[in-house]
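K.L.:
Here's a structure for you.
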């Protein structure tokens, strides 16, 4: 049987990406990294790992893979993430009334903030 160990994001600046994802998710380095690679884990215990890898590949406008982040208060989380350096992305792949808000991290990697509040 296989399990997913880490989701890996290519980034232009590992230190900047580490600072953003630490502030966004509260994740901390699993072990010391360097300017080419680091693995972040939840500070509070087990959970999905996020690895950041130096990449020279340009960011895709419509990537084949992205992160989905779930929020109880979507509007507050979107505002907080933008204050940390994320930016809003015009996205033509979801209906306008969807529960997804598409953002990009400081490196341009797309991710969704999904409203998981009770409807």
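The values are calculated or read from the model by the stated rules, or taken from the named source; none is laboratory data. Nothing here was measured: the structure is a model prediction, and the numbers come from that model. Here Cβ is always computed from backbone atoms with ideal geometry, including for glycine, and neighbour counts include all displayed protein chains.
K.L.:
Restricting attention to region 1-22, report how many residues are under 11 Å from the mean Cα position of the chain (by Cα) and farther than 21 Å from residue 57 by Cβ.
P.N.:
Qualifying residue count for the region: 1.
K.L.:
Which condition number in (1) more than 16 Å from the chain's Cα centre (by Cα); (2) modelled with pLDDT of 95 or more; (3) on the phi > 0 side of the Ramachandran plot is the one that residue 26 fails?
P.N.:
(1) is the only condition that residue 26 fails.
K.L.:
Output yes when any residue across region 64-81 is in contact (Cβ under 8 Å) with a residue 12 or more places away in the chain, over 15 Å from residue 9 (Cβ atoms) and not assigned by TED's automatic domain parsing to the domain that holds residue 102, and no when none is.
P.N.:
No, region 64-81 contains no residue that is in contact (Cβ under 8 Å) with a residue 12 or more places away in the chain, over 15 Å from residue 9 (Cβ atoms) and not assigned by TED's automatic domain parsing to the domain that holds residue 102.
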